[in-house]
Amino acid sequence: MEQQIPLSHEASAGNTNMRVTASLPTEVVQCLENARFLHLATCADNIPHVSLMNYTYLPSSPYSQSPVIIMTTNPASKKMNNLANNPNVSLLVHDWVSHRPTPTSQARRLSSDATASRSPNREPHSSLAALLFNLNTSAVSSISATINGSARLVQRGSDEEKYYRDIHLENNTFDSAGEAGGLFAPRAAEEVSEGEGDAGSRFAAGDEAMVIVVGIKDVRIADRKGAVRDWVIAEGGNEAVVNGLP
């Protein structure tokens, strides 16, 4: 069994126990395949900016033998300006259920109120309450992944741009049958929100959208128990360990 590195200042802030591999760890690939969105962090002039993004993960392509992540952005967006000045990006992806659990004190009060208001002839609500609480606190995955890389804007009108745009569009177009309650109608789900208007209502689609390709440099896996593992992506990597124990 692979050694789990406990959370500590050294593991969290340093780069010991760093492994080198040619492909992303299976856990990270599964997370990228399951999650709907990721958080993209860009920075310019020491001012960070975070965006919620639709994305497409590709383990390789005709234009890259290494894993890449594809996104699109409006050319007038904040992230576009940041990338023009600083191509370094950080991505956070997870597929945990992200609803905030009800605080214990509030949960007890709601349970007490529900019990007091029940009629003797009505069925108890405890099963439904338990289901809802479990839904809010359960996790589809046991990890989150922080991915660091370098972003570039694909040349407009190029074959590469068409290739990535078509795959990204296909990967992020959903029908109402595939979404809970039909909240997301058929559409090209590109950029989620830049902070203006309703979240999820703005998408960088059409010929004006710029295609972003992020080449992955390294990834940090953190699990719910506080274990942290670091991986460096390099061609020809054979899962060797750098500055640490196998």
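Observations on the structure shown:
- Every residue from segment 4-40 that is exposed (fewer than 12 other Cβ atoms within 10 Å of the Cβ) and either at pLDDT 60 or above or touching a Leu at 6+ places or on another chain (Cβ under 7 Å) (or both): Ala13, Thr26, Glu33
- Residue match in segment 154-168 (condition: of a type in the set (D, E, K, R), more than 20 Å from Tyr57 (Cα to Cα) and at pLDDT 90 or above): yes
- Of all residues in segment 61-76, those satisfying the criterion of being more than 18 Å from Asp218 (Cβ to Cβ) and not in a strand (DSSP E or B) are Pro62, Tyr63, Asn74, Pro75, Ala76.
- Among the residues making up segment 38-52, a single one is closer than 18 Å to Val28 by Cα and out of contact with any Ser or Thr (no Cβ under 8 Å at 6 or more places or on another chain): Leu38.
The values are calculated or read from the model by the stated rules, or taken from the named source; none is laboratory data. The structure displayed is predicted, hence computed values, not measured ones. Every residue, glycine as well, gets a Cβ built from its backbone with ideal geometry; the counts of neighbours run over all protein chains shown.
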